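FYI, it's all coordinate maths here, none of it is from the lab. Remember, it's a predicted structure, so these values are computed and weren't measured experimentally. FYI the Cβ positions are ideal-geometry reconstructions off the backbone, even for glycines, and counts take in every protein chain you see.
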Amino acid sequence: MKMLTDNFKRKIDYLRISVTDRCDLRCTYCMAEDVTFLPRQEVLSIEEIIKLTDIFNELGVKKFRLTGGEPLVRKNIVSIIEHLNNLKNQGKILEHTLTTNGTNLSRYASILRKNGVERINVSLDSLNAESFKKITKWGDLRKVINGIEVAKQEGIKIKINTVLTQNFNDKEIFDILDWCKRNHFDISLIEIMPIGDIGEKRFNQYLSMKKFEEDLVNKLNLIPSKYRTNGPSRYYEYSDHKSKIGIISAISHNFCDTCNRVRLTCTGKLYMCLGQNDFVDLKFALRNQTKNDIIALIEYAMLIKPKAHNFEIQKDNFEGYVNRYMNETGG
Ligand code: SAM
Ligand code: SF4
């Protein structure tokens with residue numbers, strides 16, 4: 001059985017695929033409002049994405065997450081999900097899931113469930129309709145909550161992703177946690193990462209998890225959990241409830257030593273690290289060369305996967321920014 005391993009002996013068995021850079025929202029920490037989306041000819045076709053999933057799977061990748069942009073605005077996204085489900089039914093992969101903003105979930109939830117998606121991450125930064133609109137620029141909270149409810153009824157396990165933003169939702173987090181608890185959802189609280197120049201100082205958005213986490217743990221009597229994935233989250237548990245709280249603090253607490261993933265963009269760039277600019281371009285080989293050439297490029301990517309990200313957020317310092325937006329590599 002083949003397996004991808006990088007130079008630091010980390011086993012890479014997880015691929016995140018950003019299936020589109022397009023999105024129906026404009027979260028202020030993710031992309032600029034006047035973002036220009038990629039011309040269609042630059043974007044991989046559904047068939048090309050499927051071909052790459054098969055190659056990664058043959059190389060030992062067992063977990064796939066579809067992301068974006070917003071994966072549920074990509075036309076024919078269901079073909080990829082069906083394909084991943086076929087691989088799962090043949091015992092070739094362990095899991096396929098997605099991260100979504102939830103705006104189209106009510107339409108897609110039953111299709112996802114029928115196609116083997118057992119759990120999803122839904123991003124939600126506020127339960128207040130006005131604040132939600134403010135952070136997403138034009139999102140409709142009711143649509144997202146409705147989508148989440150439909151997905152829950154379908155039996156899909158839901159984890160909420162909440163990006164912690166200074167002077168925005170830091171006060172509201174307790175309400176969001178309470179809502180998650182009542183609905184039996186896990187939640188990940190995410191520290192803002194300086195990915196892409198969004199025309200605003202990251203320093204003004206960034207809230208360090210360090211102090212915040214301490215308050216959270218004390219106020220809610222949280223217990224550090226033994227639960228681990230190879231992902232970036234550290235988990236806490238309630239003493240009286242099963243919902244888990246994950247903390248993703250890329251800046252204040254580096255988690256790279258257990259990294260098990262690489263990321264494919266919708267243009268076929270393979271990023272070995274979310275927090276670095278290096279990539280290996282698979283599109284040319286995909287369109288013009290052989291499967292062995294693609295495999296050689298993926299194996300080369302493993303050799304140059306960096307040890308760690310070098311995110312940094314300092315006052316008046318734009319250096320350290322990754323020179324692409326989060327919707328390109330997905331989350
Ligand atoms: N559109 C989908 C969504 O919002 O869930 C999937 C793509 S989005 C880029 C994936 C995740 O990245 C979301 O949870 C979002 O909140 C998070 N994200 C976007 N920009 C970020 C940033 N600069 N720092 C930290 N998280 C970010
Ligand atoms: Fe769109 Fe997700 Fe980025 Fe928000 S975080 S703008 S929903 S891609």
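Could you order peptides 188-201, 231-244 by the average number of other Cβ atoms within 10 Å of their residues, highest first?
188-201, 231-244
Using only alpha carbon pairs under 8 Å that are at least six residues apart, calculate the relative contact order of the chain and give it in whole percent.
For the chain, the relative contact order is 22 percent.
If you stretched the chain out fully between residue 220 and residue 54, how much longer would it get, using 0.36 nm times the residue separation minus the C-alpha to C-alpha distance?
Taking residue 220 through residue 54 to full extension adds about 55.3 nm, to one decimal.
So, counting K/R as plus one and D/E as minus one, what does the shell of residues with Cβ under 13 Å around residue 150 add up to?
Result for the neighbourhood of residue 150: +3.
In whole angstrom, note down how far apart the Cα centers of segment 151-227 and segment 41-91 are.
Using only Cα atoms to place each centre, the spacing works out to 28 Å.
Once Lys and Arg get +1 and Asp and Glu get -1 on their Cβ, which of 300, 101, 83 lies farthest toward the positive end of the dipole of the chain?
83
How large is the dipole of segment 14-329 about the Cα centre if only Lys and Arg carry +1 and Asp and Glu carry -1, each at its Cβ, rounded to the nearest 20 debye?
Dipole of segment 14-329, to the nearest 20 debye: 800 debye.
Under the Cβ-under-4.7 Å rule, which cysteines of the chain stay unpaired?
Here 23, 180, 256, 259, 266, 273 come out as lacking a disulfide-compatible partner, given the Cβ-Cβ threshold of under 4.7 Å.
Quick query: amide H of residue 269 versus all other amide H atoms, modeled in the peptide plane; which residues come in under 5 Å with a sequence gap of 5 or more or a different chain?
Excluding prolines and chain starts, which carry no amide H, the hits are 282.
Specify whether the C-alpha gyration tensor of segment 56-148 places it in the rounded, prolate or oblate class, a ≥ b ≥ c being the square roots of the eigenvalues: rounded for a/c under 1.5, otherwise prolate if a/b is larger than b/c and oblate if not.
Judged from the Cα gyration tensor, segment 56-148 comes out prolate (a/c at least 1.5, a/b above b/c).
How big is the charge dipole of segment 1-144 about its Cα centre, in debye rounded to the nearest 20, if each Lys and Arg gets +1 on its Cβ and each Asp and Glu gets -1 on its Cβ?
Roughly 420 debye, rounded to the nearest 20.
Which whole-number percent of Cα pairs in the chain have a distance greater than 31 Å?
29
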